[in-house]
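Below: one structure, written as structure tokens.
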Amino acid sequence: MKSWHQVAINAMKQNREDLAREALKRKQTYKQRARELEADLKKLATLTEDLVQQQTQL
């Protein structure tokens, strides 16, 4: 799968600045979502560790 950056480059080669801008917007949107998911994953890992520790104390 092409990266959004590559899609933007290809769009510019075809003189489609509108499509290039849209591709770069999508790239930013997906990067932000990836950061959010990474933060969620860290929280879940911490919660899992806490639950395992609590279980061993029972």
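For this structure, a couple of remarks:
- Cβ-based exposure ranking for Arg35, Arg21, in which fewest neighbours within 10 Å come first: Arg35, Arg21
- Rounded tilt (10° steps) of 4-13 against the dominant C-alpha axis of the chain: 0
- Gain upon complete extension [Gln14, Lys27; 0.36 nm per residue less C-alpha separation]: 2.8 nm
- Debye intensity ratio in log₁₀ form over the Cα atoms of the stretch 9-58, taken at each q of 0.22, 0.23 Å⁻¹: -0.78, -0.80
- Helix 17-57 and the long axis of the chain differ in direction by around 10°, with both axes built from C-alpha atoms.
- In the chain, lysine pairs with alpha-carbon atoms under 16 angstrom apart (chain gap of 8 or more, or interchain): 4
Rule-based calculations on the coordinates, nothing more; no lab input. Keep in mind it's a predicted model, so treat the numbers as computed, not measured. Here the Cβ is made from the backbone with ideal geometry for all residues, glycine too, and neighbour counts use every protein chain on show.
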